[in-house]
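Reading through the structure tokens given below for one structure.
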Amino acid sequence: MIVGIYIFNIYKSHQRPNIKIPILLYHDFVTTVPDSDPDNFNYINTPQSFEENIKTLLEEGYTVISMEQLNEAYKGNIELPSKPILITFDDGYYSNYEYIYPILQKYNVKASIFVITDKVGKEIDGIKYLGWDECLDMQNSGLVEIFSHSKKHVFYNKLPIREIRNDVKESYEIIEKHLGKKDLKVFAYPYGAYTNDTVRTLKNNGIDFQIYDIGINNFKDFNKDFIKRINIPCEMTGKEIIEEIENTTIY
């Protein structure tokens with residue numbers, strides 16, 4: 001029986017089409033771009049630029065899908081569109097709700113937000129983070145999925161395995177306490193820092209998708225424990241995003 005299941009899964013993977021699956025990564029949003037930025041403008045963007053990105057991608061035939069839809073396609077339950085793309089946000093900034101959520105509603109597109117649970121509902125160093133009420137409002141719209149970006153936002157490649165396991169487990173316990181049970185659990189590593197042991201540990205403890213690298217995924221050989229994204233720096237245009245997608249070779 002086990003052999004039969006294994007062969008069936010191999011068969012399904014061979015049937016997956018050779019389709020690029022780009023996943024875009026945004027962080028915080030500001031209405032006015034400062035003259036200087038300590039992170040070289042890699043982790044801030046403007047609402048106007050984000051809307052231009054979405055508008056351009058839709059006009060060029062891209063279909064925005066959710067993590068849940070990607071999971072269903074991976075399991076063979078649904079077919080992917082010819083040009084799928086996913087939208088994600090890390091850290092859980094309040095600006096995602098204030099500026100970006102209305103844009104998602106305007107264009108009826110889905111997105112995933114990866115929250116740091118220890119920062120939810122807080123203002124730290126002048127930066128405001130999402131509260132659970134905002135998270136629930138967005139989740140209830142059917143447009144936004146809320147996933148974990150850890151509890152403490154530390155370098156996972158420098159922690160004991162037990163501490164890593166507990167951090168992820170506790171982060172999802174907190175998320176589910178406020179937002180309900182999660183059938184799909186996705187984890188985005190802080191700083192993209194991981195080891196083979198962390199990947200194995202999270203996989204063995206209920207994490208369905210793990211995200212920790214830069215690049216574009218190939219659906220034919222999609223590895224749910226090694227998912228890549230493209231970071232979108234400040235005011236990168238939709239045409240520039242498309243050029244990066246088209247010029248990236250997938251293997």
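The values are calculated or read from the model by the stated rules, or taken from the named source; none is laboratory data. Predicted, not measured: the structure shown is a model, and the values here were computed from it. Heads up, the Cβs are rebuilt from the backbone with ideal geometry, glycines too, and the neighbour counts pull from every protein chain shown. These area figures cover heavy atoms from the full protein model, side chains too; ligands, DNA and RNA do not enter into them. Shrake-Rupley method; radii C 1.70, N 1.55, O 1.52, S 1.80 Å.
Table for the structure above
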read-out: Residues being under 16 Å from Asn217 (Cα atoms) and more than 16 Å from the chain's Cα centre (by Cα) - total across segment 80-97; value: 4
read-out: Filter result (crowded, with 16+ Cβ neighbours inside 10 Å, at pLDDT below 95 and out of contact with any Phe, Trp or Tyr (no Cβ under 6 Å at 6 or more places or on another chain)) within segment 8-43; value: Tyr43
read-out: Long-range neighbours under 8 Å by Cβ, at least six apart or interchain, first residue on the phi > 0 side of the Ramachandran plot within segment 204-222, second aromatic (Phe, Trp, Tyr); value: Gly206/Tyr172
read-out: Filter result for Glu176 (at pLDDT 95 or above and either loosely packed, with under 13 Cβ neighbours inside 10 Å or under 21 Å from Asn204 (Cα atoms) (or both)); value: yes
read-out: Check on Lys169, farther than 10 Å from Tyr156 by Cβ, open to solvent by 30 Å² or more (accessible area, probe 1.4 Å) and not in a loop (DSSP other than H, G, I, E, B); value: yes
read-out: Of the criteria (1) under 20 Å from Glu244 (Cβ atoms); (2) without any contact (Cβ under 8 Å) to a residue 60 or more places away in the chain, which one Thr88 fails; value: (2)
read-out: Residues within segment 191-235 that are under 12 Å from the mean Cα position of the chain (by Cα) and crowded, with 20+ Cβ neighbours inside 10 Å, tallied; value: 7
read-out: Candidate set from segment 191-250 (those that are of a type in the set (A, V, I, L, M) and part of a strand (DSSP E or B)); member that is nearest to Asp37 (Cα to Cα); value: Ile230
read-out: Number of positions in segment 141-161 that are in contact with a helix residue (DSSP H, G or I) (Cβ under 9 Å, 6 or more places away or on another chain) and assigned to a helix (DSSP H, G or I); value: 3
read-out: Out of Asp90, Asp133, sole residue that is open to solvent by less than 10 Å² (accessible area, probe 1.4 Å) and among the acidic types (Asp, Glu); value: Asp90
read-out: Test: residue in segment 144-159 that is surrounded by fewer than 21 Cβ atoms within 10 Å (Cβ to Cβ) and touching a Gly at 6+ places or on another chain (Cβ under 8 Å); value: no
read-out: Lys106 farther than 29 Å from Asn223 by Cα and outside any helix (DSSP H, G or I); value: no
read-out: Residues located in segment 44-82, provided they are charged (D, E, K, R) and either touching a helix residue (DSSP H, G or I) at 6+ places or on another chain (Cβ under 9 Å) or open to solvent by 60 Å² or more (accessible area, probe 1.4 Å) (or both); value: Glu51, Glu52, Lys55, Glu59, Glu60, Glu68, Lys75, Glu79
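Condition check ((1) aliphatic (A, V, I, L, M); (2) surrounded by 14 or more Cβ atoms within 10 Å (Cβ to Cβ); (3) touching a helix residue (DSSP H, G or I) at 6+ places or on another chain (Cβ under 8 Å); (4) at pLDDT below 95) across all residues:
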position	(1), (2), (3), (4)
Tyr97	no, yes, yes, no
Ile103	yes, yes, yes, no
Asn108	no, no, no, no
Thr117	no, yes, yes, no
